[in-house]
Structure formats: C-alpha cells, structure tokens
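Rule-based calculations on the coordinates, nothing more; no lab input. For clarity, every value in this text was computed on a predicted model and none was experimentally measured. Note that we place each Cβ from the backbone using ideal geometry, even for glycine, and neighbour counts take in every protein chain shown.
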Amino acid sequence: MSGGQNENPGARAAQPGLGNRYSTAAGTQNITQGRSHAKRAGLYQIQPEGGEPFKIYAKGRDAWTRDRLCEAGPKGCTPIEQPAPRWSAYVHRLRGLGAPIETRHEPHGGAFAGTHGRYILRATVQKGGAA
C-alpha cells in the first residue's frame with residue numbers, strides 16, 4: 001500500500017460528513033424499507049391444516065415473510081420469486097413460533113445452477129384474535 005494510508009474508498013465513504021454512504025446504479029430507484037414495516041407487526045391467529053389454532057406475534061421481516069407465504073397460497077413461494085436477504089432465517093423463526101411451513105427443494109439453472117427452497121405455509125392466517 002502506498003503512502004501508509006488506508007486507500008479503501010468504502011472506508012472513506014463511511015465517515016460522517018463525507019457525503020452519501022450508499023451507491024445507486026444509474027437509472028434505478030432508491031428503494032428503502034422506511035417505517036411501513038411497523039404496520040405489519042401484530043398478533044396473528046394460525047389455523048394449521050388439521051390442527052388446533054394458536055396465536056403468534058410477528059413483526060418486521062418475519063411478518064413480511066408470513067405475508068408473502070399467505071399471498072402465495074398452496075403454490076408457495078421462493079426467494080427467487082420474492083427476493084429477500086435471509087429467507088431461511090425468517091422461515092426458521094416463524095417455525096419456531098409454531099407456523100407449519102413446508103420446504104420443497106427445486107432445481108434451477110443459470111450461471112449458479114443448483115437447488116432452492118419453495119416455502120409453503122400449511123395453515124390459514126388471520127390478523128388479530130379471530131380465526
């Protein structure tokens with residue numbers, strides 16, 4: 001390294017007062033999560049297929065994941081269709097609360113061919129206490 005100084009542009013950009021720390025590609029929108037995620041937090045009644053109903057409290061990305069699974073219905077959804085950084089972690093936390101979520105492994109092609117999980121919620125969900 002020349003000059004003995006840190007020449008990492010990322011390190012400089014992260015210093016307070018030195019301008020925007022986030023980059024955006026030309027022609028793309030800057031999309032932020034904002035405070036709308038707080039609107040998804042709440043108590044939910046879970047009615048598993050052939051099981052007893054119970055309630056869970058979910059917020060943030062866990063609530064977002066639950067919403068995506070509810071919208072997908074019996075076909076389920078994948079991280080390829082609904083991009084998010086840590087799908088498996090969100091599903092794991094929902095399962096920890098008791099949500100019956102099935103994982104099916106599906107092959108995919110492309111530059112990074114392999115398999116991905118399709119997550120299917122095996123329950124009906126209603127906001128609040130009524131089922």
The stretch 35-126: relative contact order in percent, alpha carbon pairs under 8 Å with at least 6 residues between
33 percent
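Viscosity 1.567 mPa s, temperature 4 °C: give me the Stokes-Einstein translational D for the stretch 35-126 in µm²/s, with Rh taken as the Kirkwood radius over C-alpha pairs. Spell out each step's value before the answer.
On the way: Rh = 13.7 Å.
The estimated diffusion coefficient comes to 95 µm²/s.
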Phi-derived 3J(HN,Hα) across the stretch 97-103 with the Karplus relation (6.51, -1.76, 1.60, θ = phi - 60°), rounded Hz, x for Gly and Pro, is 7, x, 5, x, 10, 8, 10
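Can you tell me the dipole magnitude for the stretch 35-126 around its Cα centre, using point charges on the Cβ only (Lys, Arg +1; Asp, Glu -1), in Debye to the nearest 20? Numbers along the way, then the final one.
Values: 15 positive and 8 negative charges, 82 e Å.
With only Lys, Arg, Asp and Glu charged at Cβ, the dipole is about 400 debye.
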Derived scalar couplings ³J(HN,Hα) [the stretch 111-118; Karplus, 6.51 cos²θ - 1.76 cosθ + 1.60; whole Hz; x for Gly, Pro]:
5, 10, 4, x, 10, 9, x, 10
Stretched fully, the stretch from Arg122 through Cys70 gains (0.36 nm per residue minus C-alpha distance, one decimal, in nm) 17.8 nm
Kindly state, to the nearest 0.05, the FRET efficiency for Phe54 paired with Ala111, given R0 = 35 Å and r defined as their beta-carbon distance.
0.25
In whole Hz, what ³J(HN,Hα) sequence does the stretch 51-59 give by Karplus (6.51, -1.76, 1.60; θ = phi - 60°), x for Gly and Pro?
x, 7, x, 8, 10, 9, 10, 10, 8
